[in-house]
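These notes concern the structure reproduced below.
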Amino acid sequence: MLKLTGHDRQWAEDVVQETLIKAWRNAGKLDRQPEMLRAWLFTVARRIVIDGWRSRSARPQEVEELESDSIGVPDESEKTLAAMIVYEALRNLSPEQREAVQQTYLRDRTVNEVAATLGVPPGTVKSRIHHAVRALRRALQERG
């Protein structure tokens, strides 16, 4: 899914969620054979991505007209502050959770690849990621 969305993880997650919602709404109509259900899910997801690409390209990107007297200097303070907050939130995770998050999100590895690297079952990696994401979400919400 990441390849279809141009490696935009957030968009890929949105596509998966929308696909599952459509599956839920059409549950009574779907063929329950695994290969048929899988094909239906992939088709729906692909169409959602295509629609997304079309809507993004149909509307021209808006740009502000700059005054000729002023030239903006990029202010990196927001990025720096955000990075510091995320770094602090990551430090508060257990070493196992931090490693699972780094391997999957930062190095873009699959759960099975991470499980093989760490020598633990895939379910353990999934559990670590789940609890780590919840802890990160709480920590970031507390910090605003």
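Every number in this text was worked out from the coordinates using simple rules, so none of it is lab data. Just so it is clear, the model here is predicted, and its values are computed rather than measured. No Cβ is skipped: glycine too gets one built from the backbone with ideal geometry, and neighbour counts run over all protein chains shown.
Within the chain, the percentage of alpha carbon pairs spaced more than 18 angstrom apart rounds to 72%. Using a 10 angstrom cutoff on alpha carbons, build the Gaussian network for the chain and name the most mobile of Gly123, Gly28, Gly52. Ranking Gly123, Gly28, Gly52 by mean-square fluctuation puts Gly28 first. Only the Cβ atoms of Lys and Arg (+1) and of Asp and Glu (-1) were treated as charged; on that basis the dipole of segment 83-142 about its Cα centre amounts to roughly 120 debye.
Spin-label model, Arg46/Glu142: points 7 Å from Cα along the beta carbon direction are separated by 4.6 nm.
Taking every C-alpha pair closer than 8 Å and separated by at least 6 residues, the mean separation divided by the residue count of segment 83-142 gives a relative contact order of 41 percent.
With the convex hull of its Cα atoms as the shape, segment 9-58 has an orientation-averaged projected area of 3.7 nm².
Comparing Pro121, Pro74, Pro95 in a Gaussian network model of the chain where C-alpha atoms under 10 Å apart are linked, the largest mean-square fluctuation is found at Pro74. Using 0.36 nm per residue and subtracting the Cα-Cα separation, the extra length available between Lys29 and Ala82 on full extension is 14.5 nm. If you look at the Cα atoms of segment 83-142, you get an Rg and a Dmax of 11.3, 34 Å.
Residues considered: Asp31, Asp108, Asp14. Largest GNM mean-square fluctuation over the chain, using C-alpha springs under 10 Å, is found at Asp31.
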